[in-house]
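See below for the structure under consideration.
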Amino acid sequence: MRNLLVPLLLPAMGVIVVLVVLGTPGSAIAAAMVTMAGFVIAIVASRDSIQRQLQVLLRKTRGRIEGTPSGPSVAQEEDTLDEVAHLEGAIQSLHSRLTAQNAQLSQETRTLTAVLDSMIEGIWITDAQGTVVHHNDALREMLQPGSTGIVGQRPLALIRNEELNDAVIRACREGASTRLELQLEGLFPRTLAIRVTPLGKDLPGSAAVFHDVTELRRLEKVRKDFVANVSHELRTPITAIRGYSETLQSGALKDPEVAPKMVEIIHRQSERLSELVEDLLELSRLESREVKLNISHVPMAVATARAAETVRPKAAGKNIQLELHVPTDLMARGDERAVEQVLLNLLDNAVKYTPPGGRVDVFGTLEEGRCVVRVKDTGVGIEPKHLARIFERFYRVDKGRSRDMGGTGLGLSIVKHLVGAMEGEVKVESQPQVGSLFAIFLPVAAPEAASG
Ligand code: ADP
């Protein structure tokens, strides 16, 4: 506008001054009117120019925002007003700052998402109304939501639990934190420990962190059950020993009829106690992987014969026929002592749970590159419902019968651990009143090791 006004206004003002000086006011008025008209024309013309420049600036700013190139800047065009050029400069630097801030923000968001998704704990964030607005991958794994997804859902729609719902509402409305533990039923039952907290003073909403403590609680239960079982198992012989020794002390010692029987019972119970402690120690050493196995080649015929020697007197006492059918060249890869212990436990059970007059056979074969030894008896057998559990510690089909026979309930647990440690497996088939067949599968010894 300054470009148009200056050339128009200066000569017009000069003409008016000359006319006034010459004393021709009429001409001066006419000149003033001409000047005014020129002035109006100049304003209109300059308004058009500003409008045009502003339109160019608008187009270019829009192009910049949308990321499309829009040619040279307004300032490079002719007749650009300084103010428009400054405005363009300001917009440009604002745009650059915003672009840089945006890039930083999106980098931070990506980092935060990556951190949240790498966590084992599930996390959800809700808005002030308690609706989930964000969550991580672990939470999706834990909740396994249907097609509806998690974002946009209320807590009750995701986990049907009033306590959790109340905790979220309290965090949103009152800023209160809550810890709770809940059980998820369904296809994958889980125990979740949850902490719900408000987001913060200036941030409305809440956050909830979910820890999957299913395995932890299961192990705690196993430990509790184990301690209860051990105490119970130890209490029985200890009570018997204490009871009989007190009876002896209080006079029975002098009774030649009962005293030997009582001493015999005390002796038997103390043996049982020592067996229990031995088995417990063995099992705990195996579980804590303290036992270092000495892996070499094991001639299965020799190992079976040694184990059979230990149980032969007991088998003979019950008139049980014990026969071994293990080829002398059958070589397993394992720990000799461990293999013998496994076979001894299986043979001891076979003789223990077979009524007098029955038979126990041991067969050894090579099957699909594995060394297999089967211990077969014609004993009482095991009902199918117990089969999956007999390898658990202290699990006994018939507690009374097992105890009467001197069983600790730990024999098969030890078998399972030892065979597993040698990279083998143990299987069982059984039919009540017909008999049982326990089979161990071990890696076969490499030929050079076998011949060495
Ligand atoms: P236990 O010391 O009681 O024999 P085990 O761990 O060796 O403990 O065995 C667990 C349970 O499995 C036994 O109590 C018994 O009920 C059952 N069992 C094991 N072997 C046999 C078998 N050969 N015949 C029948 N039942 C068996």
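Residues considered: Thr61, Thr24, Thr35. Of these, the only one that is at pLDDT 65 or above, more than 57 Å from the chain's Cα centre (by Cα) and surrounded by 13 or more Cβ atoms within 10 Å (Cβ to Cβ) is Thr35. Scanning the range 226-271 for residues that are touching a residue at least 24 places away in the same chain (Cβ under 8 Å) and under 42 Å from the mean Cα position of the chain (by Cα) turns up Phe226, Asn229, Val230, Glu233, Leu234, Thr236. Only one of the numbered conditions (1) touching a strand residue (DSSP E or B) at 6+ places or on another chain (Cβ under 7 Å); (2) near the ligand (Cβ under 8 Å from one of its atoms); (3) farther than 30 Å from Pro299 by Cβ is violated by Asp398, and that is (1). Taking each residue of the range 386-401 that is closer than 22 Å to Leu418 by Cβ and looking for partners that are more than 7 Å from the ligand (Cβ to nearest atom) and open to solvent by 50 Å² or more (accessible area, probe 1.4 Å) with beta-carbon atoms closer than 6 Å, six or more apart or interchain, yields Phe391/Lys416; Phe394/Asn229; Tyr395/Arg389.
The residue of the range 128-144 that is farthest from Thr197 (Cα to Cα), among those that are surrounded by fewer than 16 Cβ atoms within 10 Å (Cβ to Cβ) and out of contact with any Phe, Trp or Tyr (no Cβ under 8 Å at 6 or more places or on another chain), is Glu141. When Asp255 is tested against (1) acidic (Asp, Glu); (2) in contact with a helix residue (DSSP H, G or I) (Cβ under 8 Å, 6 or more places away or on another chain); (3) farther than 30 Å from Gly357 by Cβ, only condition (2) is not met.
Scanning the range 376-394 for residues that are closer than 21 Å to Ile414 by Cβ and open to solvent by 50 Å² or more (accessible area, probe 1.4 Å), we see that the one that is farthest from the ligand (Cβ to nearest atom) is Ala388.
Among the criteria (1) open to solvent by 40 Å² or more (accessible area, probe 1.4 Å); (2) among the aliphatic types (A, V, I, L, M); (3) touching a Cys at 6+ places or on another chain (Cβ under 8 Å), the one Leu442 does not fulfil is (1). For the range 344-354, indicate whether the set of residues that are touching a helix residue (DSSP H, G or I) at 6+ places or on another chain (Cβ under 7 Å), within 8 Å of the ligand (Cβ to nearest atom) and open to solvent by 40 Å² or more (accessible area, probe 1.4 Å) is non-empty. Yes, some residue in the range 344-354 is touching a helix residue (DSSP H, G or I) at 6+ places or on another chain (Cβ under 7 Å), within 8 Å of the ligand (Cβ to nearest atom) and open to solvent by 40 Å² or more (accessible area, probe 1.4 Å). One residue stands out among those in the range 404-427 that are near the ligand (Cβ under 8 Å from one of its atoms) and not in a loop (DSSP other than H, G, I, E, B): the one that is nearest to the chain's Cα centre (by Cα), which is Ser413.
Just one of the listed residues (Thr365, Thr328) is more than 12 Å from the ligand (Cβ to nearest atom), open to solvent by 70 Å² or more (accessible area, probe 1.4 Å) and of a type in the set (Ser, Thr, Tyr), and it is Thr328. When each of Ile150, Ile91, Ile120 is tested for being touching a helix residue (DSSP H, G or I) at 6+ places or on another chain (Cβ under 7 Å) and loosely packed, with under 12 Cβ neighbours inside 10 Å, the lone residue that passes is Ile120.
The values are calculated or read from the model by the stated rules, or taken from the named source; none is laboratory data. Remember, predicted model here, so these are calculated numbers, not experimental data. Every residue, glycine among them, receives a Cβ derived from its backbone with ideal geometry; neighbour counts consider all protein chains shown. Please note that ligands, DNA and RNA were not included when accessible areas were found on the heavy atoms of the full protein model with its side chains. Shrake-Rupley method; radii C 1.70, N 1.55, O 1.52, S 1.80 Å.
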